[in-house]
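> Here it is: the structure, laid out below.
Please treat every number below as a calculation from the coordinates, not as lab data. Here the structure is a predicted model, which is why all the values come from computation and not from measurement. Reconstructed Cβ throughout: ideal geometry from the backbone, glycine too, with neighbour counts over all protein chains shown.
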Ligand SMILES: Cc1cc2nc3c(=O)[nH]c(=O)nc-3n(C[C@H](O)[C@H](O)[C@H](O)COP(=O)(O)O)c2cc1C
């Protein structure tokens, strides 16, 4: 089974794998450049870092890839500085922009103004159609298996065929993709490629600290829970002291409000909780992770992860052809 060429706007990566944008400070230049160098598409998350830091990471990633790999920027739509960050990334001429947990009409207009492709993450055929109408170059359809904030309670492979049927732009599958067999299934269903987050966190090049990656590797089946963050969405995270403290409607004192969200419930501080975990306190901080995190047993170099996935992909294709 040959691998179809993923093409989104001007991008034609060697492998049809996009590394999902992961805030806060999980996917920066280190991870994004490693994925781009391994033939995929890297994404720097601009969420929870300053504009200057984001620009520095975009430039560093360009240096690390000798200007050859494809690097995009993801910013959480719920953040107050969303517009400012997206425009700053566009001025830096990133390969594309992708918004997390929502999108607006404006970002497509900015994309046209700066000549930068815009991709949207959607969790239904209805939103995919809207994104296409507004001018999206592609959509990433994310199922409830994904780590981070979620837009649905439905599994990826239930939503994927509906989205593929609804739009003519490229569709990328995300949420619970871990092996080449998963990639093979997504592509056979009509996706042009996949977006993966969780598997890339447990990589040597991921920008998160070792304690965060180790938390992934130590995870057992059933260790993820859904938490309602102050963004107003459910998010999938690893069960720890933090998830116990904020269980149900319980609150945790906000030490210092950063006034970072357009609409905040103020039940606790999502940003502080995420910063706490990337600063090494993975018990009292929020550790987002996908539903299949327990299957990850090792922290590996990105190139090894991608090679393994591609080997599994070809093996899955041969198995499917033989079964036929
Ligand atoms: C630690 C972590 C942080 C994430 N942060 C964001 C984010 O800031 N913005 C976003 O759009 N998606 C975010 N995601 C979702 C990923 O970009 C990706 O779509 C998702 O991880 C795919 O599912 P998987 O984790 O099962 O591979 C995050 C995921 C993880 C695991």
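> So if each residue of separation counts as 0.36 nm, and I subtract the Cα-Cα distance between residue 104 and residue 56, what length gain in nm does that give?
Length gained between residue 104 and residue 56: 14.7 nm.
> Then there is this: Among DSSP beta bridges lying fully in the chain, give the percent that are antiparallel, nearest 5.
25 percent
> Does the chain come out rounded, prolate or oblate, given a ≥ b ≥ c as the square roots of the eigenvalues of its C-alpha gyration tensor, rounded meaning a/c under 1.5 and, failing that, prolate meaning a/b above b/c?
It is rounded, given that a/c, with a ≥ b ≥ c, falls under 1.5.
> Something else: In whole Å, what is the distance between the alpha-carbon centres of the range 31-108 and the range 191-223?
With the range 31-108 and the range 191-223 each reduced to a Cα centre, they are spaced 20 Å.
> What percent does the relative contact order of the chain come to when contacts are Cα pairs within less than 8 Å and at least six residues apart?
It rounds to 17 percent for the chain.
> Here's a follow-up. Test of understanding: extend the Cα→C-beta vector of residue 93 to 7 Å, then name every residue of the range 107-128 with backbone N under 14 Å from that spot.
114-117
> Quote to one decimal, in nm, the extra length available between residue 158 and residue 266 on full extension: 0.36 nm per residue of separation minus the C-alpha distance between them.
35.5 nm
> Using mean Cβ contacts within 10 Å as the protection proxy, how do 193-206, 252-265, 288-301, 68-81 order, highest first?
Listed from highest to lowest mean packing, they are 193-206, 68-81, 288-301, 252-265.
> Testing the spin-label approximation: label points 7 Å from Cα along Cα→Cβ at residue 112 and residue 223. State their distance in nm.
4.8 nm
> Sticking with this one: Given a Förster distance of 41 Å, report the FRET efficiency between residue 308 and residue 284 from their Cβ-Cβ distance, rounded to the nearest 0.05.
0.75
> Here's a follow-up. Extending each Cα 7 Å along its Cβ direction at residue 168 and residue 84, get the distance between those two points in nm, one decimal.
4.0 nm
> While we're looking at this one, here's another question. 222 nm [θ] for the chain, helices only, -39500 (n - 2.57) per DSSP H run of 4+, per residue, to 500?
Only helices count here, giving -11000 deg cm²/dmol.
> So, one more: Sticking with the crude label model, points 7 Å out along Cα→Cβ, report the distance from residue 68 to residue 295 in nm, one decimal please.
The modelled label-to-label distance comes out at 3.2 nm.
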